[in-house]
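The values are calculated or read from the model by the stated rules, or taken from the named source; none is laboratory data. Note that the structure is predicted; figures quoted are calculated from it, not measured. All Cβ positions, even for glycine, are placed from backbone atoms using ideal geometry, and neighbour counts span all protein chains on display.
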């Protein structure tokens, strides 16, 4: 055996387990799912349940459904707001824990820990905070009396419930993104900052002209992570709001905070329309892929410019 | 070496268990998971088989996903639970005809379709307006009079004016958040479908399924829903979950609870010792003297199972052996759906359901004639908006009527 064949053998042997798993749970289901999106598949034992090819009917039905259209809109809104909130908070925290601060390692761990709690549990914890803890705060402190008014509960209106989801999403994810920023900030050569300082640059100028441009690579990564994660948000959505409270669109009452992933799940398992849900998942994949490619492209371009 | 020996032993045990045969049961009541597992383990020992119990609960989306995944994987359980006509249709192709089973003659609530029996009733459950008898006595209200809308309206007004004396936050503990859609769009919805009708009467259901809406009935029902929402604690109503809703009643902060007898264990755990029972729903002007009682779910046997005989025996033994009786009534605290069982459940509300049942004052559960899609995705948002006050009663009636008409077109 030559050295070359041996090394390629080793390469494939080491790759095989991962490749096997990837093909079994990602590649095959992806193509099967794409196929099912064009059929009436239901995975149940209905008497009239033979598998039939129905063309684009599932897609057409989805785009006529106000609930799906609404989910699309609200997912975009949630993604944009959540991206901004997470990145601003994470960057601020990163600046804080890379500065001259005592116990900064303790803070780093503290900010990171929420990320280790599962989204479902987090949703239930925050549900308790929004529904019980905050109103009782309002009852104890007279100035905050308005918090105790049931009309002001964050989860009782769909706009404020969306804001509540962003609060929870930020609390959960900002620590993780902070770590990426910390790594980037610590890699900035100190002499640059010192030179700027000696030349009389204010902290704001140093931040704007040195720190942020030199973190451009980190921005590409964090933007991508927060974009994809926000767009795919499911677990916090389920446990915190279950898609409620409801609202109206096109004269139909629909769920007011049902993000796309939850809408797909509900279509599949509450409405029992698996093939329609497959079609929606396909659209979801397609849209997310396009958006993230655009995002990475734009960020990469900026990296060079900066 | 020790470790290898251990691994080998585990493997041996696993294959031994497998070799002796396996009976799988998937059921939708996680609250009795421990009890049914204990019973199944005992039963399995006697019958030389391993019984695997899978419990997955929740709303209509609860057990469905797992069952569908198992079906797609060719790994359907031998026995599985379903809740009514819509889910029966979902699995019609694999459900075995059980008409000739010995337990059929001992129950009146088995699941029947086209004259054949397909489902073994898991238990009998009921709901109405659970009331705190002590608080009602204090307010001087006789629960026996609570049988129609006007009586409830008067009682609610009186109780509302006595909030301080009674130490309550609200008159009724009601939940209408999207998460609690099963309280509004499943249970409360049933008042519209079956209240005041003879048991098993589907006239209203069939009319609504055909898009024909009896506006008078719907108007009266809307009054009832409005009454419940108006006198409910807004926090519990709009954002509360099951614990918040039941908790308000258990701690004496609400006089009425819109739930069924399955809350008995929760009330016991919360040390609620006051006297309580069920009163009928007041969804109509006329008197409707009965509560909603039926089997909440049924066990079906998988036609393609290799263990049909064993599965049949498992179900039959629940009805015919003392161990089965003890499990159903004493351990799981359920009201048995079969005659010839002399044990009684301990919970106060379960006893109340039995009394209503024994008196023959019962109305059926007809909500399962509507799909989960319709209830959870169409009706739940309507109730939720009405509760939040973002639509008026007139709009509520219009939206409901429109929902039925749209549903009929599908």
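Within the range A:149-197, which residues are within 14 Å of chain B (Cβ to nearest Cβ), crowded, with 19+ Cβ neighbours inside 10 Å and under 19 Å from residue A:133 (Cα atoms)? Write out each step before concluding.
So the first thing to find is which residues in the range A:149-197 are within 14 Å of chain B (Cβ to nearest Cβ), and the list is A:149-162, A:164-165.
From what is left, the residues that are crowded, with 19+ Cβ neighbours inside 10 Å are A:153-158, A:161-162, A:164-165.
A:153, A:154, A:155, A:156, A:157, A:161, A:162, A:164, A:165 - these are the residues of the range A:149-197 that are within 14 Å of chain B (Cβ to nearest Cβ), crowded, with 19+ Cβ neighbours inside 10 Å and under 19 Å from residue A:133 (Cα atoms).
Name the residue, out of A:67, A:90, that is within 14 Å of chain B (Cβ to nearest Cβ) and buried (at least 20 other Cβ atoms within 10 Å of the Cβ). Spell out how you get there, then give the answer.
Working: A:90 fails: within 14 Å of chain B (Cβ to nearest Cβ).
After ruling out the rest, the residue left standing is A:67.
The set of residues in the range B:353-410 being over 20 Å from the mean Cα position of the chain (by Cα) and away from every other protein chain (no Cβ under 14 Å) consists of B:359, B:393, B:394, B:408. Would you confirm whether any residue within the range B:344-364 is at pLDDT 90 or above, out of contact with any strand residue (DSSP E or B) (no Cβ under 9 Å at 6 or more places or on another chain) and either farther than 23 Å from residue B:129 by Cβ or assigned to a helix (DSSP H, G or I) (or both)? Checked the range B:344-364: no residue is at pLDDT 90 or above, out of contact with any strand residue (DSSP E or B) (no Cβ under 9 Å at 6 or more places or on another chain) and either farther than 23 Å from residue B:129 by Cβ or assigned to a helix (DSSP H, G or I) (or both). Among the residues examined, residue B:319 qualifies as assigned by TED's automatic domain parsing to the domain that holds residue B:109 and crowded, with 20+ Cβ neighbours inside 10 Å. Residues that are closer than 22 Å to residue B:57 by Cβ number at least 2 in the following helices (runs of 4 or more DSSP H) confined to the range B:178-283: B:189-194, B:234-239, B:242-250, B:264-269.
When B:64, B:74 are checked against the criterion of being within 23 Å of residue B:368 (Cβ to Cβ) and either surrounded by 17 or more Cβ atoms within 10 Å (Cβ to Cβ) or within 14 Å of another protein chain (Cβ to nearest Cβ) (or both), a single residue qualifies: B:64.
The rows are residues; the columns are (1) touching a strand residue (DSSP E or B) at 6+ places or on another chain (Cβ under 8 Å); (2) part of a helix (DSSP H, G or I); (3) free of Cβ contacts under 8 Å to residues at least 40 places away in the same chain; (4) surrounded by 10 or more Cβ atoms within 10 Å (Cβ to Cβ).
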site	(1), (2), (3), (4)
A:4	no, yes, yes, no
A:11	no, yes, yes, yes
A:17	no, yes, yes, no
A:20	no, yes, yes, yes
A:34	no, yes, no, yes
A:41	no, no, no, yes
A:44	no, no, no, yes
A:51	yes, no, yes, yes
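Against the list (1) surrounded by 14 or more Cβ atoms within 10 Å (Cβ to Cβ); (2) modelled with pLDDT of 85 or more; (3) out of contact with any strand residue (DSSP E or B) (no Cβ under 8 Å at 6 or more places or on another chain), the condition residue B:59 fails is (2). Inspection of the range A:74-92 finds no residue satisfying the criterion of being without any contact (Cβ under 8 Å) to a residue 12 or more places away in the chain and farther than 30 Å from residue A:159 by Cα.
Put simply, of B:278, B:274 the only residue that is crowded, with 24+ Cβ neighbours inside 10 Å, at pLDDT 90 or above and either more than 29 Å from residue B:190 (Cα to Cα) or in contact with a strand residue (DSSP E or B) (Cβ under 8 Å, 6 or more places away or on another chain) (or both) is B:278.
Total residues in the range B:155-173 satisfying the condition of being within 30 Å of residue A:161 (Cβ to Cβ), away from chain A (no Cβ under 13 Å) and under 30 Å from the mean Cα position of the chain (by Cα): the figure is 6.
Under the condition of being assigned to a loop (DSSP other than H, G, I, E, B) and on the phi < 0 side of the Ramachandran plot, which residue from the range A:255-299 is farthest from the other protein chains (Cβ to nearest Cβ)? Step through it out loud before you land on a result.
From the range A:255-299, those assigned to a loop (DSSP other than H, G, I, E, B) are A:256-259, A:270-273; that's our starting set.
Still in the list and also on the phi < 0 side of the Ramachandran plot: A:256-259, A:270-271, A:273.
On the way: A:256: 8, A:257: 9, A:258: 9, A:259: 13, A:270: 5, A:271: 4, A:273: 7 Å.
Applying the filter and picking the extreme gives A:259.
Residues checked against (1) touching a strand residue (DSSP E or B) at 6+ places or on another chain (Cβ under 7 Å); (2) within 14 Å of chain A (Cβ to nearest Cβ); (3) surrounded by fewer than 22 Cβ atoms within 10 Å (Cβ to Cβ):
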{"position": "B:89", "(1), (2), (3)": "no, yes, yes"}
{"position": "B:96", "(1), (2), (3)": "yes, yes, yes"}
{"position": "B:108", "(1), (2), (3)": "no, no, yes"}
{"position": "B:111", "(1), (2), (3)": "yes, no, no"}
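For the range A:222-251, a residue qualifies if it is surrounded by fewer than 20 Cβ atoms within 10 Å (Cβ to Cβ) and more than 18 Å from residue A:79 (Cα to Cα), and the qualifying residues are A:248, A:249, A:250, A:251.
When restricted to residues that are in contact (Cβ under 8 Å) with a residue 40 or more places away in the chain and crowded, with 23+ Cβ neighbours inside 10 Å, the range B:239-259 contains 12.
The residues on offer are B:289, B:201, B:233, B:264, and the sole one that is within 14 Å of chain A (Cβ to nearest Cβ) and at pLDDT below 95 is B:233.
Does at least one position in the range B:117-124 carry a residue that is within 14 Å of chain A (Cβ to nearest Cβ), in contact with a strand residue (DSSP E or B) (Cβ under 8 Å, 6 or more places away or on another chain) and under 28 Å from residue A:41 (Cα atoms)? It would help to see each step written out before you state the result.
Residues of the range B:117-124 that are within 14 Å of chain A (Cβ to nearest Cβ), as a first pass: B:118.
Subsequent filtering for residues that are in contact with a strand residue (DSSP E or B) (Cβ under 8 Å, 6 or more places away or on another chain) retains B:118.
From what's left, under 28 Å from residue A:41 (Cα atoms): B:118.
Scanning the range B:117-124, I find at least one residue that is within 14 Å of chain A (Cβ to nearest Cβ), in contact with a strand residue (DSSP E or B) (Cβ under 8 Å, 6 or more places away or on another chain) and under 28 Å from residue A:41 (Cα atoms), so the answer is yes.
Could you look through the range A:252-265, keep only residues that are in contact (Cβ under 8 Å) with a residue 60 or more places away in the chain and under 13 Å from residue B:381 (Cα atoms), and pick out the one that is surrounded by the fewest Cβ atoms within 10 Å (Cβ to Cβ)? Out of the qualifying residues, it is A:252. Looking at B:402, B:330, just one residue is in the same structural domain as residue B:205 (by TED's automatic domain parsing), surrounded by fewer than 20 Cβ atoms within 10 Å (Cβ to Cβ) and part of a helix (DSSP H, G or I), and that residue is B:402.
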